[in-house]
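Report on the structure given below.
The values are calculated or read from the model by the stated rules, or taken from the named source; none is laboratory data. In this text the structure is predicted, and so the values were computed from the model without any measurement. Neighbour counts run over all protein chains shown; Cβ positions are idealised from the backbone, glycine included. Keep in mind that these areas ignore ligands, DNA and RNA; they rest on the heavy atoms of the full protein, side chains included. Shrake-Rupley method; radii C 1.70, N 1.55, O 1.52, S 1.80 Å.
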Amino acid sequence: MSRTRILVTGFEPFADESINPSEIVVRRLTGSLERGDVELVTAILPVSFRRAKDFVKTLLREHKPEIAMALGLAPGTQCIRVERVALNLMDARIPDNDGVKPEDEPIEPGAPTAYLATIPVKKIVRKLTEKGIPAVVSNTAGTYVCNLVFYELLHHGYTYGYPLRAGFIHLPYLPEQAAKKEPHSVPPSMSLELMIKAVKVVIESVVSEDTTGQKPRLE
């Protein structure tokens, strides 16, 4: 029986955060999704435009996953955000962890302006909400390093034929992060257990889809 290879990535902490829920979720997933028809590959990416781009390309060339799911933190979001659009744009509000702050720069010069996710975005949101997990379809992954990784996954799929399906999930703060913010402006948060459950639902939903011959759609 052939196995579906799935790449799942998270990010290291950035800005003034000491932790990143996407990193913790990915580390907790390791080993928990292994089964006869699934092979899970995980990685923690740097919050660096240059290094994340190189790392993602290396991971894809080395592992050639059929499915790639990237996770990231979206401060202030109230729920799981299933991203639909990746833009060919780097425009940073704050510097990355290398101190780089690009403005109005393409990720891949000459490549398409945008790609649509190749995971079943609306189906995933429905499944999440059916299981009592707050979730929405999001039409912007921003223009920071999260969007860069999302774009690179889709661009690689369109160019080389793998991953067949790729998507990006934005996570809220963990409660311990939210608790450290100013009392008059405490942001929304979600428990680690619920985030892990949500990501498992996402992966199971994607695995259940027929991926034969699927390529990223241009937008």
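Points to keep in mind about this one:
- For the range 53-76, the criterion of a residue being under 15 Å from the mean Cα position of the chain (by Cα), at negative phi, open to solvent by 10 Å² or more (accessible area, probe 1.4 Å) and modelled with pLDDT under 95 is satisfied by at least one position.
- Matching residues in the range 110-139 - criterion: being open to solvent by 30 Å² or more (accessible area, probe 1.4 Å), part of a loop (DSSP other than H, G, I, E, B) and within 14 Å of Ile169 (Cβ to Cβ): Pro134
- Annotation note: Cβ proximity below 6 Å between a residue of the range 36-50 that is in contact (Cβ under 8 Å) with a residue 12 or more places away in the chain and a residue that is basic (Lys, Arg) (sequence gap 6+ or interchain) occurs for Asp37/Arg3; Glu39/Arg3; Glu39/Arg5.
- Criterion violated by His184 - all others in (1) modelled with pLDDT under 95; (2) closer than 22 Å to Val26 by Cβ; (3) open to solvent by 50 Å² or more (accessible area, probe 1.4 Å) satisfied: (2)
- Scanning the range 158-169 for residues that are in contact with a Lys or Arg (Cβ under 9 Å, 6 or more places away or on another chain) and either free of Cβ contacts under 8 Å to residues at least 24 places away in the same chain or open to solvent by 10 Å² or more (accessible area, probe 1.4 Å) (or both) yields Tyr158, Tyr160, Gly161, Tyr162, Leu164.
- Those residues of the range 85-106 which are surrounded by 19 or more Cβ atoms within 10 Å (Cβ to Cβ) and either of a type in the set (Gly, Ala, Ser) or within 29 Å of Glu209 (Cα to Cα) (or both), in sequence order: Val85, Ala86, Leu87, Asn88
- Residue satisfying condition, being at pLDDT below 95 and closer than 29 Å to Ala15 by Cβ, within set Glu176, Glu152: Glu176
- Residue satisfying condition, being modelled with pLDDT of 95 or more, over 22 Å from Ala68 (Cβ atoms) and among the hydroxyl-bearing types (Ser, Thr, Tyr), within set Thr118, Thr129: Thr129
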